[in-house]
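Reading through the structure tokens given below for one structure.
The values are calculated or read from the model by the stated rules, or taken from the named source; none is laboratory data. Owing to the predicted nature of the structure, the values given are computational and were not obtained by experimental measurement. Quick reminder, even Gly has a Cβ in these numbers, built from the backbone with ideal geometry, and neighbours come from all protein chains shown.
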Amino acid sequence: MEVLYALVGALPFDWVGSHFMQSAFLAVLLVTPLFGLLSTMVVSNRMAFFSDSLGHGAFTGIALGVLFGSVSPLLSLVVFSILFALLVTWIKGKSAASADTIIGVFSSTAIALGLMLMSRGGGFNKFSAYLIGDILSVSEGDIRALACVFVLVAAVWGILFNRLLVLSLNASFARSRGISAFWTESAFAAMLAVLVSISIQWVGILIINALLVLPAAAARNVTNSVKSYHAVSVLCAMSAGVAGLIIAYCFNMAAGATIVVALAVLFFVTLALKPHFVR
């Protein structure tokens with residue numbers, strides 16, 4: 001870990017002189033490629049509403065951690081987010097109701113339950129930071145945890161990628177090849193839940209979904225192949241992450257929101273360029 005900090009500190013920029021900025025920069029480099037990768041399947045499979053509901057579920061996870069006296073709400077946040085994602089995926093496959101209806105029911109219930117529990121005793125203000133997030137508060141221990149998540153998500157993505165790709169193109173063909181839609185979708189949902197729950201304290205519940213939609217949405221405007229689609233999505237996420245962090249530091253603004261605005265700018269730029277790339 002000291003080597004990473006030394007490498008970042010050696011960069012010829014004034015803003016890397018502070019230890020908290022070095023931590024924030026490393027966090028951006030670790031988490032944005034994951035958002036870029038996973039967003040490709042979120043956009044291709046039209047899961048934007050589902051990914052938004054994960055943020056609401058995470059909110060309830062924080063509240064439950066506080067309610068049961070957890071020293072840190074992170075563990076309850078991760079566990080509840082995974083259970084929430086798996087439950088939504090299971091009921092979505094079993095129910096005759098539309099996916100949007102089921103996700104809407106769970107999402108609204110989760111956010112309402114979280115607000116109800118957090119407002120108990122007038123203590124809601126203590127957790128309002130989770131709504132906005134603060135990536136500048138990342139510690140060295142958080143960087144270690146993010147590095148573990150990076151390796152875990154990258155490994156699971158490598159295992160699931162071909163199955164997810166086939167499912168997104170043709171679910172019937174995937175089933176004929178022996179690919180279980182439920183287990184594959186459940187594994188992907190759990191992976192999304194882990195990434196969202198780990199990142200939410202630095203990005204914020206209000207805008208976490210944008211990081212799972214905008215990178216791939218921007219990449220889709222200017223790419224014609226699967227390989228370029230994923231590469232540009234990761235590039236958009238990382239470049240917006242670094243640019244947003246620097247702008248937020250220079251102008252004393254919320255880093256998470258600034259990163260999302262940078263991604264939005266990239267999306268509109270690629271949208272304007274779309275006629276020149278996509279035939």
Q | Filter result (exposed (fewer than 13 other Cβ atoms within 10 Å of the Cβ) and at pLDDT below 95) within the stretch 247-268 | A | Cys250, Phe251, Asn252
Q: Among residues belonging to the stretch 57-73 that are at pLDDT 80 or above and over 30 Å from Val166 (Cβ atoms), point out the one that is surrounded by the fewest Cβ atoms within 10 Å (Cβ to Cβ).
A: Thr60
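For the stretch 103-110, indicate whether the set of residues that are assigned to a helix (DSSP H, G or I), more than 19 Å from Ile208 (Cβ to Cβ) and among the small types (Gly, Ala, Ser) is non-empty. Don't jump to the end; show me each part of the working.
So in the stretch 103-110, the residues assigned to a helix (DSSP H, G or I) come out as 103-110.
Then keep just the ones that are more than 19 Å from Ile208 (Cβ to Cβ); that gives 105.
From what is left, the residues that are among the small types (Gly, Ala, Ser) are none.
Within the stretch 103-110, none of the residues are assigned to a helix (DSSP H, G or I), more than 19 Å from Ile208 (Cβ to Cβ) and among the small types (Gly, Ala, Ser).
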Q: Check every one of the helices (runs of 4 or more DSSP H) wholly within the stretch 164-252 and list those with 3 or more residues that are over 24 Å from Leu87 (Cβ atoms).
A: 171-176, 214-221, 226-251
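Residues in the stretch 13-35: is at least one among the polar types (S, T, N, Q) and surrounded by 24 or more Cβ atoms within 10 Å (Cβ to Cβ)? First the steps, then the outcome.
Just the residues of the stretch 13-35 that are among the polar types (S, T, N, Q), to begin with: 18, 22-23, 32.
Subset that is surrounded by 24 or more Cβ atoms within 10 Å (Cβ to Cβ): 32.
Scanning the stretch 13-35, I find at least one residue that is among the polar types (S, T, N, Q) and surrounded by 24 or more Cβ atoms within 10 Å (Cβ to Cβ), so the answer is yes.
Would the stretch 156-163 turn up any residue that is surrounded by 23 or more Cβ atoms within 10 Å (Cβ to Cβ), in a helix (DSSP H, G or I) and among the aromatic types (Phe, Trp, Tyr)? Please lay out each step first, then the result.
Taking the stretch 156-163 first, the residues surrounded by 23 or more Cβ atoms within 10 Å (Cβ to Cβ) are none.
There is no residue in the stretch 156-163 that is surrounded by 23 or more Cβ atoms within 10 Å (Cβ to Cβ), in a helix (DSSP H, G or I) and among the aromatic types (Phe, Trp, Tyr).
Just wondering, is there one or more residues in the stretch 229-246 that are over 30 Å from Pro12 (Cβ atoms), in contact with a helix residue (DSSP H, G or I) (Cβ under 9 Å, 6 or more places away or on another chain) and at pLDDT 90 or above? Give the derivation first.
As a first pass, look at the stretch 229-246 and keep what is over 30 Å from Pro12 (Cβ atoms): 229-230.
Add one more test, that the residue is in contact with a helix residue (DSSP H, G or I) (Cβ under 9 Å, 6 or more places away or on another chain), and what stays is 229-230.
Applying the additional criterion that residues be at pLDDT 90 or above yields 229-230.
Yes.
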Q. On the given criteria, is Ser108 in contact with a His (Cβ under 9 Å, 6 or more places away or on another chain), at pLDDT 80 or above and surrounded by fewer than 20 Cβ atoms within 10 Å (Cβ to Cβ)?
A. yes
